[in-house]
1. If you take the beta carbon distance between Ser131 and Asp100 as r and set R0 to 25 Å, what does 1/(1 + (r/R0)^6) give as a FRET efficiency, to the nearest 0.05?
2. Measure nothing but the geometry: give the 0 to 90° angle between the long axis through the Cα atoms of 10-29 and the longest principal axis through the Cα atoms of the chain, rounded to 10°.
3. Report, in debye and to the nearest 20, how large the dipole of the chain comes out about its Cα centre when Lys and Arg carry +1 and Asp and Glu carry -1 on their Cβ.
4. Within segment 61-77, find all residues whose amide N lies under 12 Å from a label point positioned 7 Å from the Cα of Leu5 along Cα-to-beta-carbon.
5. Return the single residue from Ser196, Ser131, Ser119 with maximal mean-square fluctuation; model: Gaussian network over the chain, springs between Cα atoms under 10 Å.
6. Against the 2.2 N^0.38 Å scaling, with N counting residues, where does the chain land? I'd like the Cα-based Rg ratio to two decimal places.
7. Between Leu75 and Ser17, what length in nm is gained on full extension when 0.36 nm per residue of separation is reduced by their alpha carbon distance?
8. Taking neighbour counts of Cβ atoms within 10 Å as a proxy for exposure, in what order, fewest first, do His47, His91 appear?
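Readers should treat all values here as calculations from the given coordinates under stated rules, not as data from a laboratory. Here the structure is a predicted model, which means the values were calculated and not measured. Note that each Cβ is placed from the backbone with ideal geometry, even for glycine, and that neighbours are counted across all protein chains shown.
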Amino acid sequence: MPQTLRQDDPLVHLFLSFGSMSDRHKAAVSPYLDVEGYVEDDHRRAHTRRDRTNAVEARQLLERAMDVLTERFMLPDGLTVTVPGTNGDSHTLVTGQLDDSARMTFLHGQCHAFARALSDHTGWPMAIIVSDDCSLDPDVCAVDSVVRNVCTCQLEHAVAVRPDGAHVDITGAHLPGTLPGHEGQEAIAVTSAVWSHITRSPLWRRPAVDVARTFVVPLLATLGQEGAAA
C-alpha cells in the first residue's frame, strides 16, 4: 500500500505543482493542435516556442524533485555507477567505496557534488578555489560574473570548510592555500548565486550529489570525524 504523506511533506508540494504545471502546459499548447493532437501547419512556430518554454519549466521542477528525493533517500553501498567527468569523460565507481576511482571522480568533474554532499551532511559551508587565470578566452570574463572581481571561468575546485578553517575534499582536510594542485590559491564562499551558476554552466558537469553522499561518512571516518556535524 502507498505510504500516506504528511501535509507538510515537501513531496506533497511537488506532486501538486507537477499536476498544476502539466495542466497549464496542456492548456497552453492545445490551441495549436488539431483534434488528433498534431500541430497544425500554420501554428508550428508558435507551438515550438510555447513547447520550449514548457520544457524549461518542466526541467526545473524535475530538478527540484530530484533534490528533495536525494536529500530523503540514500543510494546503497556497493552499487556500480557511472557519472560525468571533465571534458566529456565519465567515471565509473562503486558507491561508498573510498578508493582511487572515487578520488579520481571527485577531483575531476564531481568535486562540487562531493562538496555539496559533505556540506549538507555536516552543515559546513562550501567554498570554491579560484584560479589565478581564466582557463578560457579572456572575453568570457566579461560575461555576467556572479562574484565581484572574479571571472566565472576562474572558479576551479569546490570544497567544504570545516569549523577550524580547513578545506575538505575527497582527499582529506587541508589548510587554506595548501590543497594539492591548488597551492597558494584563494577561495571564495559558495553563495546561492554561485551554486546556481555552477549547476547551469556548461563548464561544470551535472553534480551527482546522490552518488557523492555515499562517500561522506567514509571520508569523515578517515579524519576521525564520523557523523560530524556543525
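1. On the way: r = 25 Å, r/R0 = 0.99.
Efficiency for this residue pair is about 0.50.
2. Long axis of 10-29 versus the principal axis of the chain: about 40 degrees.
3. Details: 19 positive and 30 negative charges, 101 e Å.
Using only the charged Cβ atoms, the result is roughly 480 debye.
4. 65-66, 68-69
5. Largest GNM mean-square fluctuation: Ser196.
6. Values: Rg = 21.1 Å, N = 230, 2.2 N^0.38 = 17.4 Å.
For the chain, the normalised Cα radius of gyration comes out at 1.22.
7. Values: separation 58, 0.36 × 58 = 20.88 nm, distance 2.57 nm.
Extra length available between Leu75 and Ser17 comes to 18.3 nm.
8. So the residues, fewest neighbours to most, are His47, His91.
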